[in-house]
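J.: Take this structure, written in structure tokens, and hold onto it; I'll ask about it next.
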Amino acid sequence: MYASPEAIAVQPCAVCKLQVPTAVLRFRQNIGMVVMRKTATMSGHLCRRCSRAYFSNFTLSTLLLGWWGYISLFVTPFDVISNVWQFMKSQKLPDPSETSAYAMLPPDHRVPIIGPSTKFKLVYGVVVYGAIFLFVYTTLHGS
Ligand SMILES: [Zn+2]
């Protein structure tokens, strides 16, 4: 269920580059666009702080925008389950408050996330959920 102690290594995190305890993790994101899919993957040695950021960003995007497509409908549950599994592995890593190396980061430092921009996700989300709302509304109140 959790990463074995041997799986935790002190080496540079693939994202923040700090020399902190890391585990080899892989987070996936799927955005279904009916006939196309937009995917992103972050894999490698990740620290607890960066893995938490990738888990929340990728999993939330996949849960909200992942379902819309024939392939995506089947890929999305697997990606979400996989991300939860990877996140559980990351919880074996020491908390950032216990790791002094994080003090080297500026207080307002944010984990840079690869993949589709937040703006893209927001616009796409508004379009998709707006279309669903309109469909449901016109179905219920149609003439
Ligand atoms: Zn990191």
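Each value in this text was obtained by applying a stated rule to the coordinates, not by laboratory testing. All of these numbers come straight from a predicted model, not from anything done at the bench.
J.: Using the Karplus curve 6.51 cos²θ - 1.76 cosθ + 1.60 with θ = phi - 60°, work out ³J(HN,Hα) for each residue of the stretch 19-26 in order, rounded to whole Hz, and write x for Gly and Pro.
T.: Rounded to whole hertz, the list is 7, 9, x, 10, 9, 6, 10, 9.
J.: Relative to the present Cα-Cα distance, how much length would full extension add between Ser117 and Val136 at 0.36 nm per residue of separation?
T.: Working: separation 19, 0.36 × 19 = 6.84 nm, distance 2.84 nm.
Contour length minus Cα-Cα distance gives 4.0 nm.
J.: Now for a different question. Eight or more residues apart or on different chains, and alpha-carbon atoms under 24 Å: count the Lys pairs in the chain matching that.
T.: Numbers: Lys17/Lys89; Lys17/Lys92; Lys38/Lys119; Lys38/Lys121.
Step by step, the pairs that qualify in the chain add up to 4.
J.: Can you list the residues, at least 5 places off or on another chain, whose amide H is less than 5 Å from the amide H of Met33, using H built in the peptide plane?
T.: HN-HN under 5 Å from Met33: Lys38.
J.: Take the alpha carbon gyration tensor of the chain, find the square roots of its eigenvalues, order them as a ≥ b ≥ c, and report rounded if a/c is under 1.5; if not, report prolate when a/b exceeds b/c, else oblate. If you can, show how the numbers build up before the last one.
T.: Details: a/c = 3.02, a/b = 2.18, b/c = 1.39.
Prolate.
J.: Show that you can apply the helix-only estimate: for the chain, add -39,500 (n - 2.57) for every DSSP H stretch of four or more residues, divide by all residues, and state [θ] at 222 nm to the nearest 500. Don't skip to the end; give the middle numbers.
T.: Values: 3 runs with 61 residues, N = 143.
About -14500 deg cm²/dmol.
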